[in-house]
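Encoded as C-alpha cells, the structure appears first; notes follow it.
The values are calculated or read from the model by the stated rules, or taken from the named source; none is laboratory data. Because the structure is predicted, anything quoted here is derived from the model rather than measured. Cβ coordinates were reconstructed from backbone atoms using ideal geometry, including for glycine residues, and neighbour counts include every protein chain displayed. In case anyone asks, the SASA skips ligands and DNA or RNA and just uses the protein heavy atoms, side chains included. Shrake-Rupley method; radii C 1.70, N 1.55, O 1.52, S 1.80 Å.
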Amino acid sequence: CVYALVNLDPANDTYEHRDGGGARGKAACALDVRDLVCAQQVEEEFKLGPNGSLVFCMEFLEKNLDWLVDGLAALERRHASASGGDRDMYVVFDCPGQVELFASHDSFRNILRALERQLGFRFACVHCVDVQLCSDANNYLA
C-alpha cells in the first residue's frame, strides 16, 4: 500500500517542517499546510487565540485551494511515474483535532468537496481520540 501523508493542521508541530526547522525523529509529510499558512504566525500577527487562528487558517486554505490541489496533483504525478501507474496511492490527511472546525464551520467541508470535484478524491474518515480522555467524562468534556 502506497500512501502520502498530508498535514492539514496548521498548528501541528509534530512533523518535520520542510525548512529543516523540526526536531530530529519527527515524521516528514509529503505536503504541509504550514508551507501556506501557520497557526502560530497567524496568532502572533493578528493577535488571535488558538481557535481563532485555526478558523483563519482554514478559511485561508479554502481561499487558496489551488495550492493544495496543485500539491496533491504533483504527488499523484510523482507516484504514477515511480509506479508505472500500476498502483493506487492513498492520501492520509492529518486534520486539526478541534471538532468545532467541522461541526459549525463550512471551510473544511468546502475544501473536501472541492477535492472530490477537482481530483476525484473519495474520503473515509477516522477520528482518533486519546483513551485517557474517554475514560473519565470530566476529561472528555473539558
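Taking the conditions (1) at pLDDT 90 or above; (2) open to solvent by 60 Å² or more (accessible area, probe 1.4 Å); (3) assigned to a loop (DSSP other than H, G, I, E, B) in turn, residue 43 satisfies each one other than (3). The set of residues in segment 112-129 that are open to solvent by less than 80 Å² (accessible area, probe 1.4 Å), part of a loop (DSSP other than H, G, I, E, B), among the hydrophobic types (A, V, I, L, M, F, W, C) and out of contact with any Leu (no Cβ under 7 Å at 6 or more places or on another chain) contains only 129. The requirement of being at pLDDT below 90 and open to solvent by less than 50 Å² (accessible area, probe 1.4 Å) is satisfied by residue 22. If you go through segment 102-111 and keep only what is open to solvent by 70 Å² or more (accessible area, probe 1.4 Å), outside any helix (DSSP H, G or I) and either among the aromatic types (Phe, Trp, Tyr) or touching a helix residue (DSSP H, G or I) at 6+ places or on another chain (Cβ under 9 Å) (or both), you end up with just 106.
Candidates in segment 58-101 are the residues that are farther than 25 Å from residue 43 by Cα and polar (S, T, N, Q); of these, the one that is least open to solvent (accessible area, probe 1.4 Å) is 83.
Of 71, 97, which residue is assigned to a helix (DSSP H, G or I) and in contact (Cβ under 8 Å) with a residue 24 or more places away in the chain?
Among 71, 97, only 71 is assigned to a helix (DSSP H, G or I) and in contact (Cβ under 8 Å) with a residue 24 or more places away in the chain.
Residues of segment 81-131 that are hydroxyl-bearing (Ser, Thr, Tyr) and farther than 19 Å from residue 31 by Cβ: 104 alone.
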